[in-house]
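A short write-up of the structure that comes next.
Just so it is clear, none of the values below were taken in a lab; they were calculated from the coordinates. Predicted model, so just to flag it, every value in this text is computed and none were measured. Every residue, glycine among them, receives a Cβ derived from its backbone with ideal geometry; neighbour counts consider all protein chains shown.
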Amino acid sequence: MPGYMPFPNETVTLTSHCARCKNIDGEQNNAKLMLTNMRLVYEWSSKTRMGDELSCLSYPLNELATQKDEIRADCQASDYETSFKLHPAGEEVSFVFRSPEKNASRKVAAAWLDAINMAVTGTKSSAAMALRRSVPGLEMLAGALKDTFDVVKTTFASPNTNQRSASARKAITAKCIGCRAPLSGWTGMTVQCKYCDTVQTL
């Protein structure tokens, strides 16, 4: 049975196979969470007497509840599992992300919240920022690096700064925050893992 078929003017911008919907009882095989420019889609299959049955939930982005110019999202995080609850058209739907790597699920959920919020309001999510801050040591390190960079940038700023920073990019390899698969590219480059579809910045 075919999966979700986007409309002609609809494009898929983000997918993940490591999310599960907490609203669904029973098995969720071959689960896939998708964000398009028009809706949030979750599809999964379950075994029946007639074979595998594919099911799909679809939530238009313009029906997601907002507050203070961003989507309303309630988050819960632990070391290996992070979930967020959204409020489409008076309903509640929750998605959970799990990872065997400590705190990786927070980063993946934060990336999803940012992507959804950007699609709805054009801004990043404060809930995603809070999730990233909850990773021990990460926010402190990021703040210290940013302050140091700002001082250096102010001190040595010149018209050719952008050209120098572009030429200073280096080729690097890293591990996916979702599934630990190897990734490669340039520093600062946004890439999508070909194994679990997690989007991240190198």
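Quick notes
- Under the shape rule built on the C-alpha gyration tensor, where the axes satisfy a ≥ b ≥ c, the stretch 1-143 is oblate, since a/c reaches at least 1.5 while a/b does not exceed b/c.
- Residue-count net charge about residue 123 - beta-carbon cut-off 12 Å; Lys, Arg +1, Asp, Glu -1: -1
- Counted residue by residue at 0.36 nm each, then reduced by the alpha carbon distance between them, the extension gain from residue 171 to residue 49 reaches 38.8 nm.
- Rounded, prolate or oblate (a/c below 1.5 giving rounded, otherwise prolate when a/b exceeds b/c) for the stretch 37-108 by Cα gyration tensor: oblate
- Extension gain, residue 12 to residue 180, is 58.1 nm, computed as 0.36 nm per intervening residue step minus the present C-alpha separation.
- Residue separation of residue 58 and residue 89 scaled by 0.36 nm, minus their Cα-Cα distance, works out to 10.0 nm of gained length.
- Label separation (residue 5 vs residue 124): 3.9 nm, computed from points 7 Å beyond Cα along the C-beta direction.
- Pairs spanning more than 27 Å between alpha-carbon atoms, out of 32/102; 68/175; 85/124: 68/175.
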